[in-house]
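Enquirer: Quick one: structure below, then a few questions.
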Number of protein chains: 4
Amino acid sequence: MGESGRVPVGIVGASGYGGVQLVRLLQDHPNLELVYLGGESSAGKPFSDLYPHLGHRVGLTIEPINPDVIGDRCEVVFLSLPNGLACDMAPLLLEKGCKVLDLSADYRFSNLEVYEAWYGRERTDQSVASTAVYGLPELYRDRIVEAQLVGCPGCYPTASLLGISPLLKQGLVIPETAVIDAKSGTSGGGRQAKTNLLLAEADQSLGAYNVARHRHTPEIEQVCSDLAGHEVLVQFTPHLVPMVRGILATIYATLRDPGLVRDDLITIYQAFYRSSPWVRILPSGTYPQTKWALGTNLCYIGIEVDPRTARVIVMSAIDNLMKGQAGQAIQCLNLMMGWEETLGLPRLSFYP
Amino acid sequence: MGESGRVPVGIVGASGYGGVQLVRLLQDHPNLELVYLGGESSAGKPFSDLYPHLGHRVGLTIEPINPDVIGDRCEVVFLSLPNGLACDMAPLLLEKGCKVLDLSADYRFSNLEVYEAWYGRERTDQSVASTAVYGLPELYRDRIVEAQLVGCPGCYPTASLLGISPLLKQGLVIPETAVIDAKSGTSGGGRQAKTNLLLAEADQSLGAYNVARHRHTPEIEQVCSDLAGHEVLVQFTPHLVPMVRGILATIYATLRDPGLVRDDLITIYQAFYRSSPWVRILPSGTYPQTKWALGTNLCYIGIEVDPRTARVIVMSAIDNLMKGQAGQAIQCLNLMMGWEETLGLPRLSFYP
Amino acid sequence: MGESGRVPVGIVGASGYGGVQLVRLLQDHPNLELVYLGGESSAGKPFSDLYPHLGHRVGLTIEPINPDVIGDRCEVVFLSLPNGLACDMAPLLLEKGCKVLDLSADYRFSNLEVYEAWYGRERTDQSVASTAVYGLPELYRDRIVEAQLVGCPGCYPTASLLGISPLLKQGLVIPETAVIDAKSGTSGGGRQAKTNLLLAEADQSLGAYNVARHRHTPEIEQVCSDLAGHEVLVQFTPHLVPMVRGILATIYATLRDPGLVRDDLITIYQAFYRSSPWVRILPSGTYPQTKWALGTNLCYIGIEVDPRTARVIVMSAIDNLMKGQAGQAIQCLNLMMGWEETLGLPRLSFYP
Amino acid sequence: MGESGRVPVGIVGASGYGGVQLVRLLQDHPNLELVYLGGESSAGKPFSDLYPHLGHRVGLTIEPINPDVIGDRCEVVFLSLPNGLACDMAPLLLEKGCKVLDLSADYRFSNLEVYEAWYGRERTDQSVASTAVYGLPELYRDRIVEAQLVGCPGCYPTASLLGISPLLKQGLVIPETAVIDAKSGTSGGGRQAKTNLLLAEADQSLGAYNVARHRHTPEIEQVCSDLAGHEVLVQFTPHLVPMVRGILATIYATLRDPGLVRDDLITIYQAFYRSSPWVRILPSGTYPQTKWALGTNLCYIGIEVDPRTARVIVMSAIDNLMKGQAGQAIQCLNLMMGWEETLGLPRLSFYP
């Protein structure tokens, strides 16, 4: 506990979008205090060199990454590193007694072979990995409360799983008919300078990518299988949309009972998410706009049934950097600390 | 034939985006001469009051809509009016000997009951309507060549049908598994001032609309049924994307033969569109960006197969105002006049 | 004082962007409680019909505008109406003992003849108008503290005046050389559906408007004259930029003393705004991005001197709907109530 | 002359935006044939690897840069390289008899010391450089006709100089009062992946850069001085705007004769550009939108006078990659070849 009486928190990999979201969110959190920022290429730089607009609020300098130092100084550590690095760092921090929330893919898989197959890196930390909990509170709240290590979900899986879970959990649809057509703003690609993410390229354009092979697929399937009680394969297609933030997942599946109507499903969804303050089921006939979720930790879900085709269409909208990343990590931490799930998180967008 | 030796052309409903595209395209067409612009609320105004950037090239003033005058002056008339008006005007113009290309929905349906059900207007022009040809040259080239009246397809149906047709025509997929997730720039909503199309609302946002009930659905189904040889229902969902132009249709369907691979399908598509200069099948592993088609009459098609799920995913990209509207209308007219299908149409985007 | 112990607040003209910003800001303000929303065309509708994303937080229905009812129920009233309506309503509300903050132009002018000349409406409420204070706290904090009626500044004047004031107040520049080239996102045009504000029109484009005759000019000149101690005319040119929010004012003026360097001016600006928590003077060589201010009540100011031309160039960036409108109104109210100027206002943008 | 009877053309530095614009424009030019594409890091790649949408039209592979090979194969060479490379290459190509059009800054300066001071590279090719003509046809048409080596202007100077030239040439304004506030889409930054040009960073934002020290300043001043007949310093400030293409220069200057009205100036501008088919002077009260110029070689100019301040405000809009770069280069080549200035260049935007 710091002098402020607040829990001291560190962020490793502070220079990217995940890092700056966390820094920003921590400014408003009443129980947390940011005490450490770590980075490699940016070590030694004041954080405000990277993000000048924060200069009057964030005085920290980015430090080299040293697990001992971090462990001494922080009770909680967020790892916001490229895939394949957290699994070297997390075991050391856990040993030092830190709670660890990893924003990469390293601790999302209960079966490390799946990770190895999709991410192409061998893993030798099975025992630590087996203690990790998948950080989607709406599904795994009870386990997150007990966790020391949370593997925070990807942005696409968050939007997709919040949209599809009630259908699978209740057995309302035929799982193998599920098609998830997801669309994301370009900030999902991170702060790395890539040609295809330039405004000049990405603006006024729209396209799919990694069709039939995006790495978020196995993560979605793991949870879907868990919910359905048997192995489920889903069709997942990501698209890049010319906007900064936001994900919309449009989910299609064939109803087992073609007699179900829209309002039945809305009732089922409302019940499913009754204790989930961050999920809003929209009224009949209202579909979500990603803009509604911007800058908040909310997920808006709209539901439609097509009686002609016996399909349900679910639309799930989040801010990819908030509920899809940093906001959800704080939500998990709130649970791990025994606090209100909503503590210190932004609850309403500025519109328009 | 005008003094210029070119065919005199009129546009009724010139003030909207369809109108201004046609005006623009006609400036570059070697065999056509724009001689008439008609409108209601805009009658009496120089066209350059509406579109000042054209002032140095287009000197015409918008005239009141008088079928007799139009018929006397024009050999060809484009109708770019709201749904339900062309069916009053077209019969008169046809009687005067004009070739008529309608950009609205009025002449897209072989069965007028379908039109009446989806558009809520009774029709009494069965005999004229029965002579109309659906203006998708890649499928109905032979009939367009003979037509006096063409019902030009909607923007979504153009992208969707060019993407799905080879699959249905060749019986490669199970039709009822077809899901079309389509995304459009906001110019598809026309030049009417609607709150949801304001930049302040639509930018940085993304959402589905008219889910399970968009009026382009029956149009897509009519052609799909024609190709499949039996009635086909499709799942069609339109989305509004924060960009000016462009449509991407992402199409999912289950393969009858799960042994088919991507390259098989690319070969089939290339054969299907061998004589279609405006359709480009992309190489293996390349997916279309809508930007590639902007300002052109092209349709770019990318194909993927997911061996895990036995689905084919087809991505079809067009400029919604060109191949999706005005460009395709000129393409049809080229055929009706016995000219090259490509005559006078833009063939390459300016990038980026 | 409401049951909550918080001050009851009403908003007249709640349906526009000014209204929804206020509604949003009031959700986070610890001392204020929104108890009334008034409108004309929208009366009778739940507010969430206009802004569905707020449905789970704002349960109010828009009521007809009745000054008696408002006065009975509210201690504070924000008027967010088109120009020329507040001056009918404010006197009635003041009589009922309300504090009134007007977001329109009606109470911005100390000389009503200037208002009449630029806004084309006669005024007969001279006595009430003479009690109004111009709601720019950085310049008129002392008077706002005492005011019952505040005329909140326009968005362009806020950015322009915060940028230019230290120069004029200290006599550092030749006033008649001042050129203000201002650029705004399209939300400044409000939620009315106008063709030129459609995404299809405004996106990918940029232009000036109302050159040499924008109505914010006399408002800027009134304050500049006040600061300079004699009448000052400024050159003010607004531009529309393809983005939702944000204003950047680029201000040029010739220095009286060409020996002044950048760091001198930065020091002067820092001193001028020492007690102004919402103004941030950027370090030497850093220029503001409008994005830094989005969703906050901040104004970021960057300063450059061109020794070749002896001009100072000041760049001032705000969120046009926050510091440029609703945020500033709350800032004024905080002062009127004797609270901290920063109370309940967002202090940091979400980036990117 | 190639087998096609068309003039063989090469492009060195084909992979960037300047290169792809030239490639695109050459597809439509009746007298030119693209026979060579050269690059360094991209050598060996089919051009369609970089720009897949061109795959069906451009079959060329990028070759290593060898002046001998280029000189043998091409009559005309466009150099689209970073600053400081063309001056090594151009002399060799000129010796081989090629006409050379350089898109970089290397041959824009009549006084190489100015170049050396602003670009930080020493030059030893004074004799070749002295033969170069500044490629702004509206001012230097006669000299371009005779030139073998043209230094094509920067994008900002083109917009700025077309806007300000009549004022200076006719002595209508006091030169030292000139302020040029310029705004550009992000494609002006090229196809290099830079963080600040990412859509996630640049969208929804606006800022000035290189204030008081942008390298296009001396280029503007060189021509202004030439027109004014004495040395002129201008205030030039570039801004980055969230759009792909387009530049707007808003130009302010104090009139020598405050009695001049808007229509006087419009008449003077029309006369000045009477023989310039690519400049359009807008009617009284109409101001240009950058969108009007997109995809064309046009410059739209709007003019306003503020009688209150005795200033003229000129707004000049171009497509930064067309009239601001590749289009203008072709325009120059047309003149060098003795062809119509307009030959093969796009004359009308697709709107919206």
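Enquirer: Please list, or write none, the lysines whose alpha carbon is within less than 24 Å of the alpha carbon of B:Lys45, excluding same-chain residues fewer than 8 places away.
Expert: Of all the lysines, those that pass the test against B:Lys45 - Cα under 24 Å, at least 8 places apart if same chain - are B:Lys194, C:Lys194, D:Lys291.
Enquirer: Give me the number: length gained by fully extending D:Arg141 to D:Thr124, i.e. 0.36 nm times residue separation minus the C-alpha to C-alpha distance, one decimal in nm.
Expert: Result: 3.4 nm gained on full extension.
Enquirer: Just to be sure I understand the model, the point goes 7 Å from the Cα along the line to the Cβ. What's the resulting A:Ser284 to D:Glu113 distance in nm?
Expert: Computed distance between label sites A:Ser284 and D:Glu113 equals 8.3 nm.
Enquirer: Given a Förster distance of 35 angstrom, what is the FRET efficiency for C:Gln192 paired with D:Asn196, based on the Cβ-Cβ distance and rounded to 0.05?
Expert: Approximately 0.55, to the nearest 0.05.
Enquirer: Ordered by residue, what ³J(HN,Hα) values in Hz, to whole numbers, does the range B:297-303 give under the Karplus form 6.51 cos²θ - 1.76 cosθ + 1.60, where θ = phi - 60° and Gly and Pro are x?
Expert: Calculated HN-Hα couplings, in order: 9, 7, 10, 9, 10, x, 10 Hz.
Enquirer: Return an integer: the convex hull volume of the alpha-carbon atoms of the protein assembly as shown, in Å³ per residue.
Expert: Working: hull volume 255.4 nm³, N = 1408.
Convex hull of Cα atoms, per residue: 181 Å³.
Enquirer: So what are the ³J(HN,Hα) numbers for the range D:73-80, from phi and the Karplus equation (6.51, -1.76, 1.60; θ = phi - 60°), rounded to whole Hz, Gly and Pro as x?
Expert: Values per residue, Gly and Pro as x: 9, 10, 8, 10, 10, 9, 9, 10 Hz.
Enquirer: Residues with amide H under 5 Å of A:Lys45's amide H, sequence separation 5 or more or different chain, H placed in the peptide plane at 1.01 Å from N; which?
Expert: So A:Lys45 has HN proximity to A:Ile62.
Enquirer: Still on this structure, please answer the following. When you look at the Cβ of every residue in B:191-197, what mean number of other chain Cβ atoms sits within 10 Å?
Expert: The per-residue average across the peptide is 5.
Enquirer: Counting other beta carbons within 10 Å of each Cβ, put D:Met322, D:Met243, A:Met337, C:Met336 in order, fewest first.
Expert: Sorted ascending by nearby Cβ count, the order is A:Met337, C:Met336, D:Met243, D:Met322.
Enquirer: Another question about this same structure. Any idea what the dipole of chain C comes to, in debye rounded to 20, about its Cα centre with Lys/Arg Cβ at +1 and Asp/Glu Cβ at -1?
Expert: Taking the Cα centre of chain C as origin, the dipole is about 840 debye.
Enquirer: Still on this structure: For Cα pairs less than 8 Å apart in space and 6+ apart in sequence, what is the mean separation divided by the residue count of the range C:291-352, i.e. the relative contact order in percent?
Expert: 41 percent
Enquirer: Given H placed on each backbone N at 1.01 Å, which residues far from B:Val133 in sequence or on other chains put an amide H within less than 5 Å of it?
Expert: B:Leu149, B:Val150, B:Gly151
Enquirer: While we're looking at this one, here's another question. Enter the mean number of other protein chain beta carbons within 10 Å of the beta carbon of each residue in A:330-340, as an integer.
Expert: Values: counts 0, 0, 0, 0, 0, 0, 0, 0, 0, 0, 0.
Rounded to a whole number, the mean comes out at 0.
Enquirer: Taking only C-alpha pairs under 8 Å that are 6+ residues apart, what is the relative contact order of chain C in percent?
Expert: 16 percent
Enquirer: Sticking with this one: Within the range B:104-177, which GluC sites (Glu not before Pro) sit in a loop by DSSP and count at most 13 neighbouring Cβ atoms inside 10 Å? Present the calculation step by step, with values, prior to reporting the outcome.
Expert: Working: sites: B:Glu113, B:Glu116, B:Glu122, B:Glu138, B:Glu146, B:Glu176; in loops: B:Glu122.
Listed in order of number, the matching sites are B:Glu122.
Enquirer: Long-range amide H contacts for D:Ala182: which residues qualify at under 5 Å (H placed 1.01 Å from N, peptide plane, sequence gap of 5 or more or a different chain)?
Expert: The answer is D:Thr237, D:His239, D:Thr250.
Enquirer: How big is the dipole moment of the protein assembly as shown about its Cα centre under a simple scheme where the beta carbon of each Lys and Arg is +1, that of each Asp and Glu is -1, and everything else is neutral? Debye, nearest 20, please.
Expert: The calculated dipole for the protein assembly as shown is roughly 0 debye.
Enquirer: Taking a point 7 Å out from Cα toward Cβ as the label site, list the nm distances between B:Pro30 and the same residue in every other copy, smallest first.
Expert: 0.8, 7.7, 7.7
Enquirer: Please provide three numbers in whole Å: the alpha-carbon extents of the range D:155-318 along the principal axes, with the largest listed first.
Expert: 48, 31, 31
Enquirer: From the label point of A:Ala271, set 7 Å along Cα to the beta carbon, how far off in nm is each other copy's matching point, shortest first?
Expert: Label point to label point, same position, other copies: 5.3, 7.1, 8.5 nm.
Enquirer: How do B:Ser205, A:Ser275, A:Ser184 rank when sorted from fewest to most other Cβ atoms within 10 Å of their own Cβ?
Expert: Least crowded to most crowded, the residues run A:Ser275, A:Ser184, B:Ser205.
Enquirer: Another one. Only Lys, Arg, Asp and Glu count, each charged at its Cβ (+1, +1, -1, -1), so figure out the dipole size of the range C:155-318 about its Cα centre, rounded to 20 debye.
Expert: 400 debye
Enquirer: Still on this structure, I have one more. Can you give the local net charge around B:Gly55? Use residues other than it whose beta-carbon is closer than 14 angstrom to its beta-carbon, Lys and Arg +1, Asp and Glu -1.
Expert: Around B:Gly55, the charge tally is +4.
Enquirer: Next question, about the same structure. Tell me, what HN-Hα J-couplings in whole Hz come from the Karplus equation 6.51 cos²θ - 1.76 cosθ + 1.60 at θ = phi - 60° for each residue of the range A:133-149, using x for Gly and Pro?
Expert: Going residue by residue, I get 10, 6, x, 10, x, 5, 10, 10, 3, 4, 6, 5, 3, 8, 7, 9, 10 Hz, with x marking Gly and Pro.
Enquirer: Next question. Taking the Cβ of B:Arg347 as the center, what net charge do the other residues with Cβ under 10 Å away carry, scoring Lys and Arg +1 and Asp and Glu -1?
Expert: Net local charge, B:Arg347 excluded: 0.
Enquirer: A further question on this structure: What does the copy distance list look like for D:Lys194, label position 7 Å along Cα→Cβ, in nm and ordered from shortest?
Expert: Those separations, rounded to one decimal, come out as 2.1, 3.4, 4.0 nm.
Enquirer: Could you list C:His214, C:His230 so that the one with the fewest beta carbons within 10 Å of its beta carbon is first and the one with the most is last?
Expert: So the ranking, lowest neighbour count to highest, is C:His230, C:His214.
Enquirer: Same structure again: Once you list every other residue whose beta carbon is under 13 Å from the beta carbon of C:Tyr252, what net charge do they have if Lys and Arg are +1 and Asp and Glu are -1? Walk me through the numbers before you get to the answer.
Expert: Working: positive: C:Arg311, D:Arg311; negative: C:Glu176, C:Asp181, C:Glu304, C:Asp306, D:Glu176, D:Asp181.
Net local charge, C:Tyr252 excluded: -4.
Enquirer: Follow-up question, since we're still on this one. What does the structure give for B:320-327 when I average, per residue, the other chain Cβ atoms found within 10 Å of the residue Cβ?
Expert: 1
Laboratory data are not the source of any read-out in this text; all were calculated from the coordinates shown. As the structure is a prediction and not an experimental result, all values here were calculated from the model. Cβ: placed from backbone, ideal geometry, glycine included. Neighbour counts: every protein chain shown.
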